[in-house]
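What follows is a short report on a single structure.
The values are calculated or read from the model by the stated rules, or taken from the named source; none is laboratory data. Note that this is a predicted model, so its numbers are computed, not measured. Note that we place each Cβ from the backbone using ideal geometry, even for glycine, and neighbour counts take in every protein chain shown. Side chains are part of the model used for accessible areas, which takes the heavy atoms of the whole protein and leaves out ligands, DNA and RNA. Shrake-Rupley method; radii C 1.70, N 1.55, O 1.52, S 1.80 Å.
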Amino acid sequence: MNRINVGLYDFDWHHSIYFFIVSPDEQIYLRYGGRDAVSADSYLDLDSFALALRAGLEEHERWLAGELPASPRPPPFFPSHLKRLREQQLQRGRCVECHMIGDYRAAAREREGTLDKRREMFRSPDIRNLGIHLDVPRGLVVERAEGAALAAGLLPGDAIVNFAGTRVLTFGDLLYVHDGLDRSATHLSLTVERPAVGPVDLRIELPAQWWVSDIAHRYWSIDPQTHLTTSPLADARKRDLGFDPEGFACEVTRVNRRAEVLELHDLQPGDVIYSVGGVEADPSVSDCLVYLRLNVSAGEEVDLGVLRDGVRTEVTIRTHRQRFRKLGTP
(Lines give C-alpha, C1' and ligand atoms only; values in the text may rest on other atoms or scores of the structure.)
Protein backbone atom coordinates (compact mmCIF):
# COMPACT_ATOMS: atom_id res chain seq x y z
CA MET A 1 0.00 0.00 0.00
CA ASN A 2 3.06 2.28 0.10
CA ARG A 3 2.19 4.25 -3.06
CA ILE A 4 -1.58 3.80 -3.16
CA ASN A 5 -3.84 6.85 -3.02
CA VAL A 6 -5.93 5.66 -0.09
CA GLY A 7 -7.96 8.85 -0.25
CA LEU A 8 -9.55 7.45 -3.40
CA TYR A 9 -9.18 3.73 -2.73
CA ASP A 10 -10.81 3.89 0.65
CA PHE A 11 -12.27 0.87 2.42
CA ASP A 12 -12.47 -0.84 5.78
CA TRP A 13 -8.80 -1.66 6.30
CA HIS A 14 -9.49 -4.89 8.15
CA HIS A 15 -11.17 -6.69 5.26
CA SER A 16 -9.17 -9.66 4.00
CA ILE A 17 -9.93 -9.33 0.27
CA TYR A 18 -11.12 -6.20 -1.49
CA PHE A 19 -11.35 -5.32 -5.18
CA PHE A 20 -12.06 -2.02 -6.91
CA ILE A 21 -13.35 -2.17 -10.48
CA VAL A 22 -12.50 1.17 -12.05
CA SER A 23 -12.47 3.09 -15.32
CA PRO A 24 -9.24 4.16 -17.06
CA ASP A 25 -9.58 7.55 -15.36
CA GLU A 26 -10.05 5.88 -11.95
CA GLN A 27 -13.77 6.35 -11.62
CA ILE A 28 -14.84 3.60 -9.23
CA TYR A 29 -17.50 1.43 -10.86
CA LEU A 30 -18.00 -0.83 -7.86
CA ARG A 31 -16.38 -2.60 -4.94
CA TYR A 32 -16.16 -6.29 -4.20
CA GLY A 33 -15.25 -7.52 -0.74
CA GLY A 34 -16.33 -7.19 2.84
CA ARG A 35 -16.68 -9.51 5.79
CA ASP A 36 -18.38 -9.90 9.15
CA ALA A 37 -17.15 -10.91 12.60
CA VAL A 38 -17.90 -14.58 11.91
CA SER A 39 -15.55 -15.12 8.97
CA ALA A 40 -13.29 -13.37 6.50
CA ASP A 41 -15.27 -14.83 3.60
CA SER A 42 -18.88 -14.77 4.80
CA TYR A 43 -19.83 -12.66 1.78
CA LEU A 44 -17.25 -13.90 -0.72
CA ASP A 45 -17.62 -16.68 -3.27
CA LEU A 46 -16.96 -17.27 -6.95
CA ASP A 47 -20.57 -16.82 -8.01
CA SER A 48 -20.91 -13.39 -6.40
CA PHE A 49 -17.50 -12.41 -7.77
CA ALA A 50 -18.60 -13.36 -11.28
CA LEU A 51 -21.72 -11.21 -10.82
CA ALA A 52 -19.52 -8.30 -9.76
CA LEU A 53 -17.25 -8.68 -12.78
CA ARG A 54 -20.23 -8.71 -15.15
CA ALA A 55 -21.65 -5.64 -13.44
CA GLY A 56 -18.26 -3.96 -13.81
CA LEU A 57 -18.24 -4.65 -17.55
CA GLU A 58 -21.73 -3.20 -17.85
CA GLU A 59 -20.63 -0.08 -15.99
CA HIS A 60 -17.63 0.19 -18.31
CA GLU A 61 -19.92 0.11 -21.35
CA ARG A 62 -21.87 2.96 -19.80
CA TRP A 63 -18.61 4.85 -19.24
CA LEU A 64 -17.56 4.31 -22.88
CA ALA A 65 -20.93 5.62 -24.03
CA GLY A 66 -20.62 8.69 -21.83
CA GLU A 67 -23.64 7.65 -19.78
CA LEU A 68 -21.89 7.31 -16.44
CA PRO A 69 -21.74 10.58 -14.47
CA ALA A 70 -18.36 11.30 -12.91
CA SER A 71 -18.14 11.05 -9.15
CA PRO A 72 -16.38 13.80 -7.15
CA ARG A 73 -12.78 12.85 -6.57
CA PRO A 74 -11.69 13.04 -2.92
CA PRO A 75 -8.44 14.80 -1.99
CA PRO A 76 -5.37 12.56 -2.44
CA PHE A 77 -4.12 10.85 0.70
CA PHE A 78 -1.12 8.52 0.85
CA PRO A 79 0.32 6.42 3.69
CA SER A 80 3.29 8.78 3.79
CA HIS A 81 0.95 11.55 4.98
CA LEU A 82 0.72 9.76 8.33
CA LYS A 83 3.78 11.01 10.20
CA ARG A 84 4.38 8.06 12.50
CA LEU A 85 3.65 5.50 9.80
CA ARG A 86 6.16 7.29 7.59
CA GLU A 87 8.82 7.34 10.30
CA GLN A 88 8.25 3.85 11.70
CA GLN A 89 7.53 1.95 8.49
CA LEU A 90 8.34 3.73 5.22
CA GLN A 91 11.65 5.26 6.28
CA ARG A 92 12.77 1.84 7.51
CA GLY A 93 11.92 0.17 4.23
CA ARG A 94 9.01 -1.80 5.61
CA CYS A 95 5.90 -2.83 3.72
CA VAL A 96 2.73 -0.93 4.64
CA GLU A 97 -0.07 -3.40 5.23
CA CYS A 98 -3.74 -2.45 4.97
CA HIS A 99 -4.51 -2.75 8.68
CA MET A 100 -1.62 -0.42 9.48
CA ILE A 101 -3.23 2.42 7.54
CA GLY A 102 -6.45 2.10 9.51
CA ASP A 103 -4.69 1.81 12.83
CA TYR A 104 -2.13 4.60 12.31
CA ARG A 105 -4.85 6.94 11.08
CA ALA A 106 -7.11 6.14 14.03
CA ALA A 107 -4.21 6.51 16.47
CA ALA A 108 -3.35 9.91 14.96
CA ARG A 109 -6.91 11.06 15.48
CA GLU A 110 -6.83 9.74 19.04
CA ARG A 111 -3.79 11.92 19.77
CA GLU A 112 -5.47 14.92 18.11
CA GLY A 113 -8.64 14.41 20.14
CA THR A 114 -10.78 13.96 17.00
CA LEU A 115 -11.33 10.20 17.18
CA ASP A 116 -14.96 9.09 16.92
CA LYS A 117 -14.80 5.53 18.23
CA ARG A 118 -18.38 4.75 17.23
CA ARG A 119 -17.48 5.53 13.65
CA GLU A 120 -13.87 4.39 13.45
CA MET A 121 -13.50 1.52 15.89
CA PHE A 122 -16.83 -0.15 15.17
CA ARG A 123 -16.38 -0.34 11.41
CA SER A 124 -18.64 -2.08 8.87
CA PRO A 125 -21.72 -2.72 11.04
CA ASP A 126 -23.26 -6.14 10.48
CA ILE A 127 -26.34 -5.90 8.26
CA ARG A 128 -27.73 -8.88 10.15
CA ASN A 129 -28.30 -6.41 13.01
CA LEU A 130 -30.95 -4.91 10.70
CA GLY A 131 -32.39 -8.33 9.92
CA ILE A 132 -30.98 -8.46 6.37
CA HIS A 133 -29.69 -11.88 5.31
CA LEU A 134 -28.36 -12.15 1.76
CA ASP A 135 -28.26 -15.09 -0.61
CA VAL A 136 -24.52 -14.57 -1.08
CA PRO A 137 -24.04 -16.37 -4.45
CA ARG A 138 -26.80 -14.15 -5.88
CA GLY A 139 -25.22 -10.89 -4.78
CA LEU A 140 -27.73 -8.49 -3.22
CA VAL A 141 -30.73 -10.82 -3.39
CA VAL A 142 -32.36 -11.23 0.02
CA GLU A 143 -32.47 -14.76 1.37
CA ARG A 144 -34.59 -13.85 4.38
CA ALA A 145 -35.59 -10.84 6.45
CA GLU A 146 -36.27 -10.51 10.15
CA GLY A 147 -36.43 -7.84 12.82
CA ALA A 148 -36.32 -4.26 11.56
CA ALA A 149 -35.98 -5.29 7.90
CA LEU A 150 -39.01 -7.56 8.07
CA ALA A 151 -41.02 -4.84 9.81
CA ALA A 152 -40.08 -2.48 6.96
CA GLY A 153 -41.50 -4.92 4.42
CA LEU A 154 -38.35 -6.54 3.03
CA LEU A 155 -39.12 -9.92 1.45
CA PRO A 156 -37.10 -12.96 0.36
CA GLY A 157 -36.19 -12.58 -3.30
CA ASP A 158 -35.97 -8.80 -3.17
CA ALA A 159 -32.80 -7.49 -4.82
CA ILE A 160 -31.34 -4.40 -3.14
CA VAL A 161 -30.50 -1.73 -5.72
CA ASN A 162 -30.29 1.42 -3.60
CA PHE A 163 -29.11 1.65 0.00
CA ALA A 164 -29.34 4.83 2.08
CA GLY A 165 -29.75 6.92 -1.07
CA THR A 166 -26.83 5.37 -2.96
CA ARG A 167 -26.97 3.01 -5.91
CA VAL A 168 -25.31 -0.28 -5.01
CA LEU A 169 -24.24 -3.17 -7.23
CA THR A 170 -22.49 -5.48 -4.77
CA PHE A 171 -22.30 -6.31 -1.10
CA GLY A 172 -19.01 -4.39 -1.04
CA ASP A 173 -20.87 -1.28 -2.24
CA LEU A 174 -23.64 -1.79 0.29
CA LEU A 175 -21.28 -2.31 3.22
CA TYR A 176 -19.23 0.75 2.27
CA VAL A 177 -22.36 2.90 2.30
CA HIS A 178 -23.61 1.30 5.52
CA ASP A 179 -20.24 1.95 7.18
CA GLY A 180 -20.50 5.61 6.21
CA LEU A 181 -23.79 6.17 8.02
CA ASP A 182 -23.80 8.56 10.95
CA ARG A 183 -23.87 6.40 14.08
CA SER A 184 -26.72 8.54 15.43
CA ALA A 185 -28.92 7.70 12.41
CA THR A 186 -32.33 6.30 13.31
CA HIS A 187 -33.50 5.06 9.92
CA LEU A 188 -32.34 4.37 6.38
CA SER A 189 -34.02 4.20 3.00
CA LEU A 190 -33.87 1.14 0.80
CA THR A 191 -35.00 0.44 -2.75
CA VAL A 192 -35.41 -3.13 -3.90
CA GLU A 193 -36.30 -4.72 -7.19
CA ARG A 194 -39.14 -7.10 -6.35
CA PRO A 195 -39.93 -9.98 -8.74
CA ALA A 196 -43.13 -9.41 -10.75
CA VAL A 197 -43.57 -6.01 -9.06
CA GLY A 198 -40.60 -3.78 -9.88
CA PRO A 199 -38.95 -1.12 -7.72
CA VAL A 200 -40.21 -0.85 -4.13
CA ASP A 201 -39.08 1.83 -1.67
CA LEU A 202 -38.71 0.83 1.98
CA ARG A 203 -37.72 2.59 5.20
CA ILE A 204 -35.93 0.64 7.93
CA GLU A 205 -36.09 1.93 11.49
CA LEU A 206 -32.62 1.25 12.84
CA PRO A 207 -32.44 -0.76 16.06
CA ALA A 208 -30.66 0.66 19.08
CA GLN A 209 -26.90 0.19 18.81
CA TRP A 210 -27.22 -1.05 15.22
CA TRP A 211 -23.55 -0.15 14.73
CA VAL A 212 -22.20 -2.40 17.52
CA SER A 213 -20.45 -5.57 16.36
CA ASP A 214 -17.74 -7.94 17.50
CA ILE A 215 -14.38 -6.33 16.75
CA ALA A 216 -12.13 -9.07 18.12
CA HIS A 217 -10.72 -9.77 14.63
CA ARG A 218 -9.58 -6.16 14.14
CA TYR A 219 -6.06 -4.74 14.46
CA TRP A 220 -6.75 -1.80 16.75
CA SER A 221 -4.30 -0.16 19.11
CA ILE A 222 -7.12 2.24 20.06
CA ASP A 223 -9.20 -0.57 21.57
CA PRO A 224 -8.80 -0.74 25.39
CA GLN A 225 -8.45 -4.48 25.90
CA THR A 226 -9.80 -6.04 29.09
CA HIS A 227 -9.63 -9.70 28.01
CA LEU A 228 -13.11 -10.22 29.43
CA THR A 229 -16.25 -11.73 28.01
CA THR A 230 -19.53 -10.54 29.50
CA SER A 231 -23.23 -11.13 29.04
CA PRO A 232 -25.91 -8.52 29.80
CA LEU A 233 -28.31 -9.40 32.59
CA ALA A 234 -32.00 -9.77 31.80
CA ASP A 235 -34.17 -6.92 33.06
CA ALA A 236 -35.80 -9.14 35.67
CA ARG A 237 -32.40 -10.21 36.98
CA LYS A 238 -31.29 -6.57 37.18
CA ARG A 239 -34.34 -5.75 39.28
CA ASP A 240 -33.72 -8.71 41.57
CA LEU A 241 -30.20 -7.43 42.22
CA GLY A 242 -31.35 -3.84 42.73
CA PHE A 243 -30.07 -2.45 39.44
CA ASP A 244 -31.80 -0.12 37.00
CA PRO A 245 -33.26 -2.22 34.15
CA GLU A 246 -32.03 0.51 31.79
CA GLY A 247 -28.48 0.20 33.14
CA PHE A 248 -25.71 -1.87 31.63
CA ALA A 249 -25.20 -4.42 34.40
CA CYS A 250 -23.55 -7.47 32.89
CA GLU A 251 -22.10 -10.74 34.17
CA VAL A 252 -18.50 -11.77 33.56
CA THR A 253 -18.68 -15.10 31.73
CA ARG A 254 -15.02 -15.64 30.86
CA VAL A 255 -11.62 -14.18 31.72
CA ASN A 256 -8.83 -14.73 29.24
CA ARG A 257 -5.59 -15.88 30.86
CA ARG A 258 -3.85 -12.86 29.30
CA ALA A 259 -5.61 -10.67 31.87
CA GLU A 260 -3.64 -12.44 34.60
CA VAL A 261 -0.38 -12.53 32.63
CA LEU A 262 -0.64 -8.79 31.92
CA GLU A 263 -1.82 -8.09 35.48
CA LEU A 264 -4.85 -6.14 34.28
CA HIS A 265 -7.39 -7.09 36.96
CA ASP A 266 -8.65 -9.88 39.20
CA LEU A 267 -12.21 -10.12 37.88
CA GLN A 268 -13.66 -13.60 37.72
CA PRO A 269 -16.63 -15.38 36.15
CA GLY A 270 -19.81 -14.64 38.07
CA ASP A 271 -18.86 -11.06 38.91
CA VAL A 272 -21.48 -8.52 37.83
CA ILE A 273 -20.15 -5.23 36.45
CA TYR A 274 -22.75 -2.52 37.08
CA SER A 275 -20.79 0.72 36.58
CA VAL A 276 -17.83 1.99 34.57
CA GLY A 277 -16.07 5.06 35.89
CA GLY A 278 -19.03 5.67 38.20
CA VAL A 279 -21.57 5.57 35.35
CA GLU A 280 -24.29 2.92 35.59
CA ALA A 281 -26.38 3.74 32.51
CA ASP A 282 -26.09 5.48 29.17
CA PRO A 283 -29.09 6.08 26.89
CA SER A 284 -27.08 5.24 23.77
CA VAL A 285 -25.17 2.18 25.00
CA SER A 286 -26.53 -0.80 26.95
CA ASP A 287 -23.40 -2.98 27.00
CA CYS A 288 -20.86 -2.38 29.77
CA LEU A 289 -17.81 -3.31 27.67
CA VAL A 290 -18.98 -1.25 24.69
CA TYR A 291 -19.35 1.72 27.02
CA LEU A 292 -15.86 1.07 28.39
CA ARG A 293 -14.38 0.86 24.89
CA LEU A 294 -15.98 4.14 23.90
CA ASN A 295 -15.02 6.08 27.01
CA VAL A 296 -11.64 4.73 28.13
CA SER A 297 -8.39 5.09 26.23
CA ALA A 298 -6.28 1.99 25.67
CA GLY A 299 -3.76 1.54 28.48
CA GLU A 300 -5.73 3.64 30.97
CA GLU A 301 -7.10 2.49 34.31
CA VAL A 302 -10.79 2.67 35.16
CA ASP A 303 -12.82 1.89 38.27
CA LEU A 304 -15.63 -0.62 37.87
CA GLY A 305 -18.56 -1.12 40.22
CA VAL A 306 -18.72 -4.89 40.77
CA LEU A 307 -21.17 -7.12 42.58
CA ARG A 308 -19.27 -10.16 43.91
CA ASP A 309 -20.86 -12.80 46.10
CA GLY A 310 -23.72 -10.43 46.88
CA VAL A 311 -21.43 -7.57 47.97
CA ARG A 312 -20.91 -4.38 45.98
CA THR A 313 -17.29 -3.37 45.66
CA GLU A 314 -15.03 -1.30 43.44
CA VAL A 315 -12.40 -2.89 41.23
CA THR A 316 -9.72 -0.93 39.42
CA ILE A 317 -8.67 -2.47 36.14
CA ARG A 318 -5.90 -1.51 33.77
CA THR A 319 -6.73 -1.83 30.08
CA HIS A 320 -4.24 -3.12 27.55
CA ARG A 321 -3.09 -1.41 24.34
CA GLN A 322 -2.41 -3.90 21.55
CA ARG A 323 0.58 -3.79 19.21
CA PHE A 324 0.68 -5.33 15.77
CA ARG A 325 4.13 -5.76 14.25
CA LYS A 326 5.00 -2.10 14.67
CA LEU A 327 7.83 -0.48 16.57
CA GLY A 328 7.26 2.39 18.94
CA THR A 329 3.89 4.02 19.64
CA PRO A 330 1.53 4.31 16.64
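For the range 94-112, the candidate set comprises residues that are assigned to a loop (DSSP other than H, G, I, E, B) and either open to solvent by 70 Å² or more (accessible area, probe 1.4 Å) or among the charged types (D, E, K, R) (or both); within that set, the residue that is farthest from Asp173 (Cα to Cα) is Arg94.
Looking only at residues of the range 179-190 that are open to solvent by 30 Å² or more (accessible area, probe 1.4 Å) and part of a strand (DSSP E or B), we find that the one that is farthest from Gly33 (Cα to Cα) is His187.
So, Leu115, is that one touching a residue at least 40 places away in the same chain (Cβ under 8 Å), in a loop (DSSP other than H, G, I, E, B) and surrounded by fewer than 19 Cβ atoms within 10 Å (Cβ to Cβ) or not? Even if it seems obvious, please write down each step before you answer.
Values: touching a residue at least 40 places away in the same chain (Cβ under 8 Å): yes; in a loop (DSSP other than H, G, I, E, B): yes; surrounded by fewer than 19 Cβ atoms within 10 Å (Cβ to Cβ): yes.
For Leu115, the condition - touching a residue at least 40 places away in the same chain (Cβ under 8 Å), in a loop (DSSP other than H, G, I, E, B) and surrounded by fewer than 19 Cβ atoms within 10 Å (Cβ to Cβ) - is met.
Screening Gly33 on (1) more than 28 Å from Arg323 (Cα to Cα); (2) at pLDDT 95 or above shows it passes everything except condition (1).
Picking from residues in the range 17-74 that are in a strand (DSSP E or B) and of a type outside the set (Phe, Trp, Tyr), the one that is farthest from the chain's Cα centre (by Cα) is Val22.
Glu61 passes every criterion in (1) out of contact with any helix residue (DSSP H, G or I) (no Cβ under 7 Å at 6 or more places or on another chain); (2) touching a residue at least 40 places away in the same chain (Cβ under 8 Å) apart from (2). Of the listed requirements (1) of a type in the set (Val, Ile, Thr); (2) without any contact (Cβ under 8 Å) to a residue 40 or more places away in the chain; (3) closer than 22 Å to Asp36 by Cα, Ile222 misses just one: (2). Exactly one residue out of Gly33, Gly7 is buried (at least 18 other Cβ atoms within 10 Å of the Cβ) and either in contact (Cβ under 8 Å) with a residue 40 or more places away in the chain or of a type in the set (A, V, I, L, M, F, W, C) (or both), and it is Gly33.
Quick one: would you say Thr226 is polar (S, T, N, Q) and under 29 Å from Thr319 (Cα atoms)?
Details: polar (S, T, N, Q): yes; under 29 Å from Thr319 (Cα atoms): yes.
Yes; evaluated as a whole, the condition is true for this residue.
Residue pairs whose Cβ atoms lie under 6 Å apart, separated by 6 or more positions or on different chains, with the first residue in the range 144-167 and farther than 12 Å from Gly131 by Cβ and the second assigned to a helix (DSSP H, G or I) and open to solvent by less than 20 Å² (accessible area, probe 1.4 Å), are Phe163/Leu174. Scanning the range 129-181 for residues that are small (Gly, Ala, Ser), under 15 Å from Ile204 (Cβ atoms) and within 22 Å of the chain's Cα centre (by Cα) turns up Gly131, Ala145, Gly147, Ala148, Ala149, Ala164, Gly165.
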